[in-house]
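Reviewing the structure listed below.
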Amino acid sequence: MRVGIPRESVAGERRVALVPETIRRLGDGIEVVVEAGAGEAAAFADESYRQADASIGSPWDADVVAKVAAPTADEASRLREGQVLIGFLQPLTDHEGIERLARAGVHGFALESIPRITRAQPMDALSSQATVSGYKAALLAADRLPRFFPMLMTAAGTIPPAKVLVLGAGVAGLQAVATARRLGAVVSAFDVRPAVAEQVESLGATFLDLGVRGEETSGGYAQELTAEQQSAQREALQDRIPEFDAVITTAAIPGRQAPKLVTAAAVRGMRHGSVIVDLAAETGGNCELTEPGAEIERDGVTIVGLTNLPSTMPTHASQLLSRNIASLLELIVAEGAVALDWDDEIVAGACVTRKEVAA
Ligand code: NAD
């Protein structure tokens, strides 16, 4: 059985779906063919793939094609009926792309759709990549802030620590909290899921009480707030945000536009030199003023709306993603052949386009 690894074609995508280290650990009977230069941007040379017994060639004819970003129309046209495709296929937002794969009869496995159950944790690519984003968000905030994060006691006097607020304390948010804490900032965090308060506190941060509480779905995600709750949250935040030097926002509802938490008025209330890092930029941003893909300055506040942060740390982001994909491969390959068990909750949940086989 062959697994093909294409070179990513989307601008700015530097990750690769499988790295040599993982390929070495794949079970017997799995051959890997990697497109020339596929790992280059993530610092994995073709030679390192050869040393892991992968071959360099066209990945598109393989039984399973594993990639990072959803295929472009051109790439999708190279896939054939019955082939398995693994990647971030954006099943909730890229309807056209999903339609295309369904028409082609491809078994599309969306990494986003892997159920977040305990057994699927090693395959949880959303979490692994969110960990990278959260870490990088804290570094960006520290870098863009014209102040120190830690408290410093020097001969020239004492510098107070920076105050950082993290909005949305899921996987990315908690990693941002932990990273900002390690850099010495005084950190507060807020999430609509009350269960998160304890996790925030265990990282040495303070849970900000905004008087707004949301519900959690059975999948562990936040339920979208009502219009009244959202406006109460924005108002409460508007009062509190000026206290902070840096605000890192990560709030998301799967398949929806990002909730708007930070208003233009709240930005105006911040001190000059303050920073907002908006991890939700890709889905419209948690801050009203965020420009997705750009870094801007408004009213003396730097607003970082860079997208695809995992791609800015492509080596480790790819390494983690690669382990997630290898775990999924383990589940869908048996004795050197693709074997899809539709009764398996993970297989059925992750497969977003499926060639219907008559019973
Ligand atoms: P996400 O990226 O969808 O959302 C990020 C955070 O934004 C969430 O914590 C959400 O509650 C929060 N949020 C949504 N609306 C908000 C608002 N208006 N204001 C403030 N915060 C808001 O979520 P995620 O990080 O991918 O994960 C969410 C949950 O899933 C977490 O509880 C996580 O622990 C859980 N999870 C479980 C497993 C598992 O295997 N059991 C694996 C990974 C994650």
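Couple of notes before you dig in:
- Residue count for region 183-207, restricted to those that are open to solvent by 50 Å² or more (accessible area, probe 1.4 Å), assigned to a strand (DSSP E or B) and within 13 Å of the ligand (Cβ to nearest atom): 0
- Residue match in region 242-253 (condition: within 12 Å of the ligand (Cβ to nearest atom), farther than 30 Å from Q90 by Cα and open to solvent by 20 Å² or more (accessible area, probe 1.4 Å)): no
- One residue from L289, L261, L279, L237 being touching a residue at least 40 places away in the same chain (Cβ under 8 Å), among the hydrophobic types (A, V, I, L, M, F, W, C) and over 16 Å from G170 (Cβ atoms): L237
- Every residue from region 193-235 that is of a type in the set (A, V, I, L, M, F, W, C), under 15 Å from L165 (Cβ atoms) and in contact with a Lys or Arg (Cβ under 9 Å, 6 or more places away or on another chain): L203, A205, L208, L210
- Verdict on L321 being open to solvent by 50 Å² or more (accessible area, probe 1.4 Å) and within 15 Å of the chain's Cα centre (by Cα): no
- Number of residues in region 92-102 that are more than 19 Å from E8 (Cα to Cα) and of a type outside the set (D, E): the value is 4.
- Looking only at region 147-177, residues that are over 18 Å from the mean Cα position of the chain (by Cα) and not polar (S, T, N, Q) come to 17 in all.
- Between A180, A172, the distinction of being part of a helix (DSSP H, G or I) and either surrounded by fewer than 20 Cβ atoms within 10 Å (Cβ to Cβ) or more than 9 Å from the ligand (Cβ to nearest atom) (or both) belongs to A180 only.
- Residue match in region 138-146 (condition: touching a residue at least 40 places away in the same chain (Cβ under 8 Å), open to solvent by 40 Å² or more (accessible area, probe 1.4 Å) and either under 17 Å from the mean Cα position of the chain (by Cα) or at positive phi (or both)): yes
- Region 215-233 - residue that is modelled with pLDDT of 85 or more and of a type in the set (S, T, N, Q) and, of those, least open to solvent (accessible area, probe 1.4 Å): Q233
- Region 112-130 residues that are over 15 Å from I86 (Cα atoms), paired with ones that are acidic (D, E) and near the ligand (Cβ under 6 Å from one of its atoms) (beta carbon under 8 Å, 6 or more apart): R116/D124
- S113 being in contact with a Pro (Cβ under 7 Å, 6 or more places away or on another chain) and over 30 Å from V333 (Cα atoms): no
- In region 117-135, the count of residues that are crowded, with 23+ Cβ neighbours inside 10 Å, at pLDDT 95 or above, more than 23 Å from the chain's Cα centre (by Cα) and of a type in the set (A, V, I, L, M) is zero.
- Number of residues in region 258-283 that are under 21 Å from P310 (Cβ atoms) and open to solvent by 20 Å² or more (accessible area, probe 1.4 Å): the value is 3.
- Among (1) of a type in the set (D, E, K, R); (2) more than 16 Å from the ligand (Cβ to nearest atom); (3) not in a loop (DSSP other than H, G, I, E, B) - the single one R147 does not satisfy: (3)
The values are calculated or read from the model by the stated rules, or taken from the named source; none is laboratory data. In this text, all values refer to a predicted model and were calculated from it rather than measured experimentally. Cβ atoms come from the backbone with ideal geometry, glycine included; neighbour counts cover every protein chain shown. Only protein heavy atoms, including side chains, enter the accessible area calculation; ligands, DNA and RNA are left aside. Shrake-Rupley method; radii C 1.70, N 1.55, O 1.52, S 1.80 Å.
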